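Undergrad: One structure follows; several queries about it will come next.
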Ligand code: SIN
C-alpha cells in the first residue's frame, strides 16, 4: 500500500490510488483530538472508504464515533428487525437464505435524504477466509463515461424504491404491512462537499429512469449497472479482520458484500448517519 503523507495526526495508507485507505494511529475507544477528527474527516472525503483495524469498541462507542459526523439514521425496515433502532445487524450463518448487501448498492437511496455515510464494525469473520466487501468509486464511474453519455444523462431523474431489496435482492416476501420509501433522485448528482459529479443509480434500489419508454429505461439502466459491475478499476476491496470498522461516504460510493464463505458465519453491526440534504444535480 502507498503511504499518503498529507496527514499529521493519523497514518493513511491507500488501498488503491483512488479509493480506500487504512487509517493507523487511532483508537476509536478513546476521545479523538480535534486535529485527529478533522484529519479523519478530510481523509474520508479524499479516500471515500476508511478502514480502522484492531478497534475494540462497544455499541455506545460505535454510535458516539458516528455521531461526530451527524445524526444517526434509523433504517426504514428497522421496526421489523428489533433491537437498537440505530444499529443494523449484519449476520450471515449457514442457515441464511441471503446475506445483506450481496449486490452493488448505495445504502437506502429509497429515502428522500439517504444516509451520508455508514460505519460497519465486523467482529466475526468467516473461518477459512472470505467475506470481503468491494467498494466502487462513483466519481470515477461518472468520469469514465463518454462525453456523449454524460450529455444524455444530464437532467435525467431515476426512481429509487425500497421494495426492490426484498422483492429482487433478498428474494423473500416483504414483512407484512411494510411501507417502503420511494423517492426520485437525479441520475447524476453533485457531491455536496467536494462538488464532484457522481453517477447515482444502483441495482439495490433504482427501479427505472423517468420519462423514458420502459425498454429505453431498461436498456440505459442495464448499460449503467453493467458499467458499475464490470469496471474493476472502480473498486477497492476491504479485507476484514475481527474488530475492523469501515466508514464509507455513501454519497459517492457503492458497495457489495461478497458471500463466498458458505457455510461459515460473519457478524457485524452497522450505524449510518443521516444526510443533510436531498441529492441534487
Ligand atoms: C451493507 O450493505 O452495509 C453490508 C456490507 C457488508 O456486510 O460487507
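Read-outs: derived from the displayed coordinates by stated rules, not from any lab. Note that this is a predicted model, so its numbers are computed, not measured. Cβ atoms come from the backbone with ideal geometry, glycine included; neighbour counts cover every protein chain shown.
Undergrad: What does the convex hull of the Cα atoms come to per residue for the range 35-155, in Å³?
TA: Given the Cα convex hull of the range 35-155, per-residue volume reads 176 Å³.
Undergrad: Sticking with this structure for a sec: Efficiency by 1/(1 + (r/R0)^6): what FRET value for residue 193 and residue 143, r their Cβ-Cβ distance, R0 = 22 Å, to the nearest 0.05?
TA: Computed FRET efficiency for residue 193 and residue 143 comes out at 0.80.
Undergrad: Then there is this: How far, in nm, would the chain grow between residue 97 and residue 112 when pulled straight, counting 0.36 nm per residue and subtracting the alpha carbon separation?
TA: Contour length minus Cα-Cα distance gives 2.5 nm.
Undergrad: Then there is this: Just to be sure I understand the model, the point goes 7 Å from the Cα along the line to the Cβ. What's the resulting residue 64 to residue 123 distance in nm?
TA: 1.7
Undergrad: Compute the distance in nm between two label points, each set 7 Å from the Cα along the Cα-to-Cβ direction, one at residue 277 and one at residue 180.
TA: Reported label-point gap for residue 277 and residue 180 is 2.9 nm.
Undergrad: If you don't mind, another one. For 28, 156, 245, which order do you get if you count the other beta carbons within 10 Å of each Cβ and list the fewest first?
TA: Fewest to most other Cβ atoms nearby, the residues stand as 156, 28, 245.
Undergrad: Between the range 216-276 and the range 139-159, what is the C-alpha centre distance in whole Å?
TA: Each part reduced to its Cα centre gives a spacing of 20 Å.
Undergrad: Which whole-number percentage describes the relative contact order of the range 4-144, with Cα contacts under 8 Å and a sequence gap of 6 or more?
TA: About 16 percent, as a whole number.
Undergrad: When the helix-only estimate is applied to the chain (DSSP H runs of n ≥ 4, each -39,500 (n - 2.57), divided by the residue count), what is the mean residue ellipticity at 222 nm, nearest 500 deg cm²/dmol?
TA: After summing the helix terms and dividing by residue count, I get -6000 deg cm²/dmol.
Undergrad: For the range 2-273, just list the percent of Cα-Cα distances falling in each 5 Å bin from zero outward, please.
TA: 1, 6, 12, 17, 19, 18, 13, 8, 4, 1, 0
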